[in-house]
Amino acid sequence: MRCPYCRTRLEEMSPECPSCRLTLDRANALLGPMPRISTGISDLAGALPNGDAKKIAKAISRLMWTFPQVSMNVLLHAFPAEHPFELHVFWIFNSAGLSPDYQKAGENRTILLALDPAQGKSAIMVGYGLEPYLGDEALDHLLELSEPAWKAGEWTRGILDLLTGLDRLLESAALEVANGFGLSALATPQRGTEF
């Protein structure tokens, strides 16, 4: 992970950024009250046409059914421009209650896709539990693939395209990890109903 303010590389348990000294408490004090968001999808920007939030919620449910250890969240919000967009995403990710308290550090497998339709900005933040498997380059590539749809104002199409790409990326990571440990990534056949 990189510092959302100065982009210095951070370690998992860093109490603050060694360069700019940013902490979550300082971000909370700087950015003020948290917007009311919920897990899953939150369209605070009002950018999605009627019914599209349900389509996205279904795609999120499918992704989380396939990867039950992952929690996926999508936020559309008009963030104030006086602070870096990445700082807002970091703040939301860590302070909005998207992850349960027991899922900290390497146990955090939460993903947040944040979009600011007004500024035309997007970002994906993943918990430390996914960081070793979902590199910055791959996540940036997913954002780039969805960018043409978002530039055209087609927020739903871009989000759905990103979720499809994220599903493939997670599958590839799972296969790579299984292969690295000499495990089969295929589902085991179910046993009979004998006791």
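Within the range 150-167, being in a helix (DSSP H, G or I) and within 12 Å of G120 (Cβ to Cβ) holds for W150, K151, W155, G158.
Sort through A105, A123, A118 and tell me the only one that's open to solvent by 10 Å² or more (accessible area, probe 1.4 Å), among the hydrophobic types (A, V, I, L, M, F, W, C), more than 18 Å from M64 (Cβ to Cβ) and modelled with pLDDT under 85. The unique qualifying residue is A105. Residues in the range 117-145 that are outside any helix (DSSP H, G or I) and among the charged types (D, E, K, R): K121, E131. Checking each residue in the range 62-97 for being within 13 Å of I111 (Cα to Cα), outside any strand (DSSP E or B) and modelled with pLDDT of 90 or more picks out L63, M64. Scanning the range 137-157 for residues that are more than 22 Å from F79 (Cα to Cα), touching a residue at least 24 places away in the same chain (Cβ under 8 Å) and among the charged types (D, E, K, R) turns up nothing. Among the residues making up the range 37-52, those that are open to solvent by 60 Å² or more (accessible area, probe 1.4 Å) and touching a residue at least 40 places away in the same chain (Cβ under 8 Å) are T39, P49. Residues that are at pLDDT 80 or above, among the acidic types (D, E) and under 15 Å from I124 (Cα atoms) do not occur anywhere in the range 51-61. Consider the range 59-68 and keep the residues that are surrounded by 12 or more Cβ atoms within 10 Å (Cβ to Cβ) and of a type outside the set (A, V, I, L, M, F, W, C). The one that is nearest to T164 (Cα to Cα) is R62. Being hydrophobic (A, V, I, L, M, F, W, C) and not in a strand (DSSP E or B) is the filter here, so list the residues in the range 37-61 that pass it. Within the range 37-61, I37, L44, A45, A47, L48, A53, I56, A57, A59, I60 qualify.
The values are calculated or read from the model by the stated rules, or taken from the named source; none is laboratory data. All figures in this text were calculated on a predicted structure; none of them were measured in a lab. All Cβ positions, even for glycine, are placed from backbone atoms using ideal geometry, and neighbour counts span all protein chains on display. Ligands, DNA and RNA are stripped out before the accessible areas are found, and what is left, the full protein with its side chains, is counted by its heavy atoms. Shrake-Rupley method; radii C 1.70, N 1.55, O 1.52, S 1.80 Å.
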